[in-house]
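Encoded as structure tokens, the structure appears first; notes follow it.
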Amino acid sequence: MQTGQPQSNNPPPPIEPTGFFTGIKIVPIVMGIVVDVVATIVMSTFYYFIFVAKEFTEKSLSEEGLAEYWSSSEGVMVSLVLGTLGTVIGGFFAARRAGLLEIKHGALVGVGSIALGIILQSGGEESMPLNEWQMMIAYAAAIPAGALGGALAETLRGATINPASGGSWKNR
């Protein structure tokens, strides 16, 4: 004899798996892709003015000279690093705006960045021709970079600076 619990003739509801896109918010992802592109352009511009422009004199500052630099080993490596860092920033932004499923939102920013890169590469003249293996490295780094941004957002969720303790971080 059972005591304390009423007996129910209704079976429990079946457990249904959640889909991959359950809980995904599209607007933060699109905004994250825009932040990725803008951050990459801004960082590339700052890099250019801080490190590259001083190497060129007025005579040698031409489009051919710039194209030669950006297609060199150093230019390609810097482009890959700055693009990946831009995707981390975009993934972080999207994850913070979404407020849930941060890593998934960040990774989807990486997917969107890959799609945008493919569209831009196929849509016109290549301003910076890259080898196929260089494009594969950039595409392979995009999803983990976005997920890293999402993981950073998840880690910092609820983190605040406590001025009473001299500015140290605390989690709520």
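The values are calculated or read from the model by the stated rules, or taken from the named source; none is laboratory data. Nothing here was measured: the structure is a model prediction, and the numbers come from that model. Positions of Cβ are backbone-derived with ideal geometry, glycine not excepted, and every protein chain shown enters the neighbour counts.
From the list 40, 22, exactly one residue is at pLDDT 75 or above, on the phi < 0 side of the Ramachandran plot and out of contact with any helix residue (DSSP H, G or I) (no Cβ under 6 Å at 6 or more places or on another chain). Which is it?
Values: 40 fails: out of contact with any helix residue (DSSP H, G or I) (no Cβ under 6 Å at 6 or more places or on another chain).
The match here is 22.
Checking the condition in a helix (DSSP H, G or I), touching a Leu at 6+ places or on another chain (Cβ under 9 Å), surrounded by 14 or more Cβ atoms within 10 Å (Cβ to Cβ) and at pLDDT below 95, which residue from 121, 134 passes? Walk me through how you get there before you give the answer.
Numbers: 121 fails: surrounded by 14 or more Cβ atoms within 10 Å (Cβ to Cβ).
Only one candidate passes the filter, namely 134.
Among the residues of segment 95-123, write down those that are small (Gly, Ala, Ser), within 17 Å of residue 41 (Cα to Cα) and without any contact (Cβ under 8 Å) to a residue 40 or more places away in the chain.
In the first step, residues of segment 95-123 are kept if they are small (Gly, Ala, Ser); the result is 95, 98-99, 106-107, 110, 112-113, 115, 117, 122-123.
Within this subset, residues satisfying the condition of being within 17 Å of residue 41 (Cα to Cα) are 110, 112-113, 117.
Those that are small (Gly, Ala, Ser), within 17 Å of residue 41 (Cα to Cα) and without any contact (Cβ under 8 Å) to a residue 40 or more places away in the chain: 110, 117.
Determine whether segment 124-131 contains at least one residue that is touching a residue at least 60 places away in the same chain (Cβ under 8 Å), in a helix (DSSP H, G or I) and either crowded, with 19+ Cβ neighbours inside 10 Å or of a type outside the set (Ser, Thr, Tyr) (or both).
Kept after step one, since they are touching a residue at least 60 places away in the same chain (Cβ under 8 Å), are these residues of segment 124-131: 127-128.
Narrowing the set further to residues that are in a helix (DSSP H, G or I) leaves none.
No, there is no match, as no residue in segment 124-131 is touching a residue at least 60 places away in the same chain (Cβ under 8 Å), in a helix (DSSP H, G or I) and either crowded, with 19+ Cβ neighbours inside 10 Å or of a type outside the set (Ser, Thr, Tyr) (or both).
Quick check: is even one residue across segment 44-55 loosely packed, with under 10 Cβ neighbours inside 10 Å, over 30 Å from residue 145 (Cα atoms) and modelled with pLDDT under 85?
Looking for residues that are loosely packed, with under 10 Cβ neighbours inside 10 Å, over 30 Å from residue 145 (Cα atoms) and modelled with pLDDT under 85, one finds at least one in segment 44-55, hence yes.
Name the single residue that is nearest to residue 147 (Cα to Cα) among those in segment 83-104 being aliphatic (A, V, I, L, M) and either under 12 Å from the mean Cα position of the chain (by Cα) or at pLDDT 95 or above (or both). Please lay out each step first, then the result.
We begin by selecting, within segment 83-104, every residue aliphatic (A, V, I, L, M); these are 85, 88-89, 94-95, 98, 100-101, 103.
After this cut, where a residue has to be either under 12 Å from the mean Cα position of the chain (by Cα) or at pLDDT 95 or above (or both) as well, the list is 85, 88-89, 94-95, 103.
Values: 85: 12, 88: 7, 89: 10, 94: 10, 95: 9, 103: 5 Å.
It comes out as 103.
Quick one: how many residues across segment 64-107 are part of a helix (DSSP H, G or I) and among the polar types (S, T, N, Q)? Let's see the steps before the verdict.
To start, the set of residues in segment 64-107 that are part of a helix (DSSP H, G or I) comprises 64-70, 73-98, 102-107.
Okay, now just the ones that are also among the polar types (S, T, N, Q), so 73, 79, 84, 87.
Looking only at that region, the number is 4.
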